[in-house]
Amino acid sequence: MTIAARLTDVHKTYLAGSVTVPALKGINLEIDDGAFLSIAGPSGSGKTTVLNLLGALDTPSTGTIQIGGRTTEGLSPTTLADFRNTHLGFIFQTFNLIPVLTVRENVEFPLQLQGMSDKAERKTRVDAILGEVGLGDLAERRPLELSGGQQQRVAVARALVKGPTLVLADEPTANLDSGTAGEIMALMQSMNAKHGTTFVFSTHDPLVMKHATRLVRLRDGRIESDERVNGGRHDA
Amino acid sequence: MGAAMTPETIPGTLGPWATLRLGWRNLRRNRRRTWITATTVALAVLLVQAAMSLLIGIEQQSFNNLINYQTGHAKLYAAGYFENRDELPLEHALTDLSALEETVLSVGGVAAATPRIVFSAQLSNGVDQIACLGVGIDVTGSDTDVFRIPQTVVEGQYLRPSEEGLLLGSGLAELFGVSLGDWLTVLAKTQAGAYEAIDLEIVGVVGTGNPLIDQNSFLLPLEMARYILDMESGATELALRFATTANESATLQRLQGTFAESQEVEVKGWRDMEEDFMSLVKLKRVGQGIFLAIFVVLAVVGITNTILMAAFERTTEIGMMMAMGLRNAGIRRLFLAEGALTGLIGAAVGSVVGVAIIAYFAVQGIDISAMYGDMDIGYPVKDTIYPGMNVAVIVGSWLLTGVLAAIASLYPAARASRMQPVEALRHV
C-alpha cells in the first residue's frame, strides 16, 4: 500500500508570551493512500495541530513530515502554497466559502489557481463534482443562500475538484446538526470510496468517529491509541 | 477526478480578469464604506480637474490676450533691438518696411504684418505726469489685420488716419481722471535725443485686460509717432499674425530660417518676447501641480485605511485562500485591485461631475470682476474667464488616481500577504 502521508517523531511547541507550550510530543503516524482516518481527542489534545502540519499550513518544531512522498521541510512559502494547491484539499469547520462568489465559482476557484485556462474543461469538472455532492441545481446560488449542510457540501466539492492526494477536514461537522453531520460524513465516505482520496478529519463527536475506518486518539500531544474500526484496515 | 498538477506548471494566482472580478465583488460587500472612500477620491479629482481646467483656460486666454493686443504671433526687430528692448532703443529701427513685409508675407503660414513704433514717453494732464509707453500703430488698416484693438475700445472710437488724438489705456484714464475729449501732453525724446512735446486729444479708451496696455500705454497713429520722434520712416518692429490654420512653431521656424543669414533683422516669437511671463506660468503650473498632487494623495490615503480594514475583516478568508494554494503575490494583487478599483470608481464619478461643471462654465464663463474687480490676478485676462476642457487632463487625472490608489493599497496588501495561513485561519 502506498503511503499518503507520514509524520516521524514530530514535535510542535508554541510560544505563549515567554512560556513554551508543547502541542505535540513525538508523533509518529503513517497514513495509507485511500484511508478514511479520524483524529479524535479532547480540546487541546493536538488534533488541529496535526491537521495543520499535514496541510503544510504550519511547520514542525522537530521531526519530519512527508506528503505524497515529498518532505515539506525547508520549503519556501511559495513552494508550500503550490504544494497545497496541487496535493491538498481542505474542509473547514466554518465552511469558509467566499461569500461574493457563487457555488460554481467557489468550486472553480482552486482550478483557477492551478491555471486551468480552458473554461469548458473547468465547467465540466465543476458540474461533475457538484452533481456528485448533490448541488447541481444550486450552482448559481451564493453561499449565504444555502443551508449549513449545503455549504459544507460545496466545501467538499471545492476540496475534491482538483483531485488532491489528501483531504484534511478540521471538525467538518461541528457547526451542523446531527442529521446533517451524518449526511456530510456519508458524502465524504462515498467520495473516499469512489475516488480513493485519502481523508483525514478531526472530531470529538463519537457519532462522527464511527464513520472512520481508522481512529487515532490523541491526548496531551501524544497518540493515545491507533485502532482499526468499522472493519477498516489498520494502517499502522 | 483529474490527476494533480505538478507545482512547476501552476500560477498559484488568479488571472487578471478573475482578480478584478473578485476585487469588484469584494468592494460591494461593504458598499457604504466603498462609496464613502470613493466619494473622497471623487471630490479630490473634481477639484483637481476644475482647478486644472481653470488654469488652462486662464493661460489660454492670457496667451490670446498677449497675441491679440501686445505681441502678435511674432515680431521682426532690427538687429540689436531685442537685447536692449527694455530701453526701447529708437536707433535700432527697421527701415525698409515694404521689402520686409513682402518677404514675411511670402513665408507660409504668415497671414498679416503691421509696423509699430514703441517708445517711452511722459504723459501729463497738466497736474500729474506719468511715465508710460507710446505705441504708434498703422491705423490705415494693417494694425487691425494683426491686432484686435478696435474690439477693446470701451469709450469713444478707434483711431482714424492722421488723427491728432490718442487711445488711452483704461487704467491710465482712471489714474489721470480724464475722459473723452480731454487733452494730454505727450513728452518724448526724438530719435536724435531731443525732447518733443505735443498735445493730443483722447478719442477713445481701451480696456484689454492686459495691464501693460491698460495701465501703462497709449496708442496713436504711426505718422503722429514718427512726427513726435522725428522719424521720417521705419518702425521699431514689424508685428506678424499667423494664419489660424498655420502651425505656430513651424511657421516661426520658417520665418527664422528666412532671416537666418540676415545681419539686420531678427525674428522673435511671442513666447520669446514674454519669457518672464512664461517662466511665471511654468512656476504657477508647478506650484499648483504640487498643491493638487498633495490634495489627491491625502484623499487616496483614505484608501489605505479602507483596504486595511477590509483585509482585517477577511483574515480568515485570506487564510482559507492561502490554504487552497493562493500565493502571497495573489493576495497582494487582490487587494491592490480593490484599492485601484476604488480609486478609479471615485475618480470616474469625480470626472463625470467635473466634466459637467467645466463644460457649463466653459460656455457660460466665470465673471471674476465681481470677485477681483481691477485687481491684478497675475494673468492678462479681463472680466470673464472660461475654463479650458482638456481631455488629457481629465483622462490623465483619472488614471493617475487609479495608480495612486493602487500605490496606497501597497502597504495593506503587503501586510495581508505576509500573514501565516495557520494564524490567519485561527483569526476570529
Answer residue from segment A:119-178, given it is more than 16 Å from the chain's Cα centre (by Cα) and among the hydroxyl-bearing types (Ser, Thr, Tyr) and is farthest from A:SER43 (Cα to Cα) among those
A:THR124
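How about segment A:105-124: which of its residues are within 13 Å of chain B (Cβ to nearest Cβ) and loosely packed, with under 14 Cβ neighbours inside 10 Å?
Here is the first cut: in segment A:105-124, the ones within 13 Å of chain B (Cβ to nearest Cβ) are A:105-119, A:121-122, A:124.
Hits for segment A:105-124 are A:SER117, A:ASP118, A:LYS119, A:GLU121, A:THR124.
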Among A:PHE90, A:PHE95, which is in contact (Cβ under 8 Å) with a residue 24 or more places away in the chain, part of a loop (DSSP other than H, G, I, E, B) and buried (at least 17 other Cβ atoms within 10 Å of the Cβ)?
A:PHE95
Pull up segment A:125-161, narrow it to residues that are at the interface with chain B (Cβ under 10 Å from one of its Cβ atoms) and in a helix (DSSP H, G or I), then point me to the one that is farthest from A:ASP177 (Cα to Cα).
A:ARG125
Just to check your reading of the model, which residue among B:GLY204, B:GLY171, B:GLY193 is in a strand (DSSP E or B) and of a type outside the set (Asp, Glu)?
B:GLY204
Any residue at all in segment A:71-78 that's surrounded by fewer than 15 Cβ atoms within 10 Å (Cβ to Cβ), assigned to a helix (DSSP H, G or I), among the β-branched types (Val, Ile, Thr) and at the interface with chain B (Cβ under 8 Å from one of its Cβ atoms)?
yes
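How many residues, within segment B:291-312, are of a type outside the set (Gly, Ala, Ser) and modelled with pLDDT under 90?
The total comes to 9.
What about B:ALA406, is it within 14 Å of chain A (Cβ to nearest Cβ), outside any loop (DSSP other than H, G, I, E, B) and either in contact with a Gly (Cβ under 7 Å, 6 or more places away or on another chain) or crowded, with 17+ Cβ neighbours inside 10 Å (or both)?
Criteria not met by B:ALA406.
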Criterion violated by B:THR185 - all others in (1) assigned to a loop (DSSP other than H, G, I, E, B); (2) surrounded by fewer than 23 Cβ atoms within 10 Å (Cβ to Cβ) satisfied:
(1)
Please determine whether any residue of segment A:46-53 is within 19 Å of the chain's Cα centre (by Cα), within 14 Å of chain B (Cβ to nearest Cβ), part of a helix (DSSP H, G or I) and more than 17 Å from A:VAL216 (Cβ to Cβ).
no
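So, in segment B:27-67, of the ones that are within 10 Å of chain A (Cβ to nearest Cβ) and surrounded by fewer than 22 Cβ atoms within 10 Å (Cβ to Cβ), which residue ends up farthest from B:ILE345 (Cα to Cα)?
Among those residues, the one meeting the criterion is B:ARG29.
Is it true that B:GLY80 is on the phi > 0 side of the Ramachandran plot, over 24 Å from the mean Cα position of the chain (by Cα), within 12 Å of another protein chain (Cβ to nearest Cβ) and not in a helix (DSSP H, G or I)?
no
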Is it the case that segment A:41-64 has a residue that's buried (at least 21 other Cβ atoms within 10 Å of the Cβ), touching a Gly at 6+ places or on another chain (Cβ under 6 Å) and on the phi < 0 side of the Ramachandran plot?
yes
Scan (1) in a strand (DSSP E or B); (2) touching a strand residue (DSSP E or B) at 6+ places or on another chain (Cβ under 7 Å) for the single condition A:LEU15 breaks and write down its number.
(2)
Matching entry among B:ALA38, B:ALA74 (being among the small types (Gly, Ala, Ser) and closer than 29 Å to B:VAL110 by Cα):
B:ALA74
Only one of B:GLY109, B:GLY136, B:GLY207 is touching a helix residue (DSSP H, G or I) at 6+ places or on another chain (Cβ under 6 Å) and more than 29 Å from B:ASP86 (Cβ to Cβ), namely B:GLY109
Can you tell me which residues in segment B:364-388 are under 17 Å from the mean Cα position of the chain (by Cα), at pLDDT 80 or above and either acidic (Asp, Glu) or part of a loop (DSSP other than H, G, I, E, B) (or both)?
B:GLY365, B:TYR386, B:PRO387, B:GLY388
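Can you find even one residue in segment A:59-67 that is free of Cβ contacts under 8 Å to residues at least 12 places away in the same chain, among the polar types (S, T, N, Q) and assigned to a strand (DSSP E or B)?
no
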How do the strands (runs of 3 or more DSSP E) wholly within segment B:91-167 filter down when requiring 1 or more residues that are under 24 Å from B:LYS189 (Cβ atoms) and modelled with pLDDT under 95: which remain?
B:110-124, B:129-137
Residue ID - nearest to A:GLY69 (Cα to Cα), chosen from residues in segment A:99-124 that are in a loop (DSSP other than H, G, I, E, B) and touching a Lys or Arg at 6+ places or on another chain (Cβ under 9 Å):
A:GLN114
Would you mind stating whether B:GLY354 is assigned to a helix (DSSP H, G or I) and under 22 Å from the mean Cα position of the chain (by Cα)?
yes
Can you name every one of the helices (runs of 4 or more DSSP H) wholly within segment B:240-349 that holds 1 or more residues which are buried (at least 16 other Cβ atoms within 10 Å of the Cβ) and more than 36 Å from the chain's Cα centre (by Cα)?
B:275-313, B:315-324
Conditions (1) in a helix (DSSP H, G or I); (2) crowded, with 19+ Cβ neighbours inside 10 Å; number of the one not met by A:PHE201
(1)
Looking at A:ALA139, is it within 25 Å of A:LEU7 (Cβ to Cβ), of a type outside the set (Val, Ile, Thr) and modelled with pLDDT of 95 or more?
no
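The values are calculated or read from the model by the stated rules, or taken from the named source; none is laboratory data. Predicted model only: the values in this text are computed from it and were never measured. Virtual Cβ from ideal backbone geometry, glycine too; neighbours counted across all protein chains shown.
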